[in-house]
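**Q** Have a look at this one before I ask anything.
Rule-based calculations on the coordinates, nothing more; no lab input. Please read these numbers as outputs of a predicted model, since none were measured by experiment. For neighbour counting, all protein chains shown are included, and Cβ atoms are generated from backbone atoms with ideal geometry for every residue, glycine included.
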C-alpha cells in the first residue's frame, strides 16, 4: 500500500509562496519618487526597513537587492525591493510628508476595514 506524502506538497507550496513573496516588485527610487523623496533623502528609512527584516529573521539580501541603472549615461545605484521590503520602506518614511501619510493610511485600509 502506498503511503500518502501530502505534507510534502504543503511544504513545497509554502516554499514556492515564500520565494514568490521575495521576488523584486519595485525599484526603491520609483517608489520613493512617488512619495516625493529621493533615494538619498530616505537613507534612514531604508536602513530601518532592512533592520525590520533582520529583526524578524527575514533574509535581507532576498528582499533588498542592490541594482545599478543607467540614467543620462551615468550609473546610479538603486535597490530592487520585494513587496515586503516596499511595505517596510513606506512605513519607515517620515509621516509628516503628506504623500507618505497617504500611502501609510492606504496600506492600513488595505488590510483592515474601518
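**Q** Starting from the Cα of residue 10, step 7 Å along the direction of its Cβ; do the same at residue 33; then give the gap between the two resulting points in nm.
**A** 4.5 nm
**Q** Using only the Cα atoms, what convex hull volume per residue in Å³ does region 23-111 have?
**A** 94 Å³
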